[in-house]
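Okay, so here's the structure we're looking at.
The values are calculated or read from the model by the stated rules, or taken from the named source; none is laboratory data. Bear in mind that the values here come from a model prediction, so they are computed numbers and not experimental data. Glycine also receives a Cβ, built like all others from the backbone with ideal geometry; neighbour counts cover every protein chain displayed.
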Amino acid sequence: NSNGILLTSVYHKPAAEPYVVPFISDHPRHVFINVIQTSLARAVRYCSTLEAFNHEQRYIQLTLLYNG
C-alpha cells in the first residue's frame, strides 16, 4: 500500500531456486514455449505497475539464461 494505492507483483518463494526445464533436455519444443508464455502472462496478470512488470521480465530473462 503506497499512498492509498495497492501495489501488486509476482511472488517468488525465497527458498525456491530460479529453475525451469533446461533447454537442452529432451522435452517437446512446446514445453519451452509454454514456460515463457505462462511466465509472461503471470507477470501481466499480477504486476500492477510497469516498473513491477519490467522487474519481473528481467527476472524471467535471467532465469531462462541461468537454465540454458
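Here are some notes:
- Filtered residue count, region 48-68, keeping only those that are touching a strand residue (DSSP E or B) at 6+ places or on another chain (Cβ under 9 Å) and among the aliphatic types (A, V, I, L, M): 0
- Given (1) at pLDDT 90 or above; (2) in a helix (DSSP H, G or I); (3) touching a Leu at 6+ places or on another chain (Cβ under 9 Å), index of the condition SER48 fails: (2)
Residue-wise test of (1) over 10 Å from the mean Cα position of the chain (by Cα); (2) loosely packed, with under 14 Cβ neighbours inside 10 Å.
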{"residue": "ASN3", "(1), (2)": "yes, yes"}
{"residue": "LYS13", "(1), (2)": "yes, yes"}
{"residue": "LEU40", "(1), (2)": "no, no"}
{"residue": "CYS47", "(1), (2)": "yes, no"}
{"residue": "GLU51", "(1), (2)": "yes, yes"}
{"residue": "HIS55", "(1), (2)": "no, no"}
{"residue": "ARG58", "(1), (2)": "no, yes"}
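- Pair list, Cβ < 8 Å and 6+ apart or interchain, from region 4-29 residues that are without any contact (Cβ under 8 Å) to a residue 12 or more places away in the chain and over 26 Å from PHE53 (Cβ atoms) to residues that are among the β-branched types (Val, Ile, Thr) and assigned to a loop (DSSP other than H, G, I, E, B): HIS27/VAL21
- From the list HIS55, HIS30, the one residue that fits, being modelled with pLDDT under 95 and in a helix (DSSP H, G or I), is HIS30.
- Flag if VAL20 is surrounded by 13 or more Cβ atoms within 10 Å (Cβ to Cβ) and more than 9 Å from the chain's Cα centre (by Cα): yes
- Some residue of region 33-45 being of a type outside the set (S, T, N, Q) and either in contact with a strand residue (DSSP E or B) (Cβ under 8 Å, 6 or more places away or on another chain) or not in a helix (DSSP H, G or I) (or both): no
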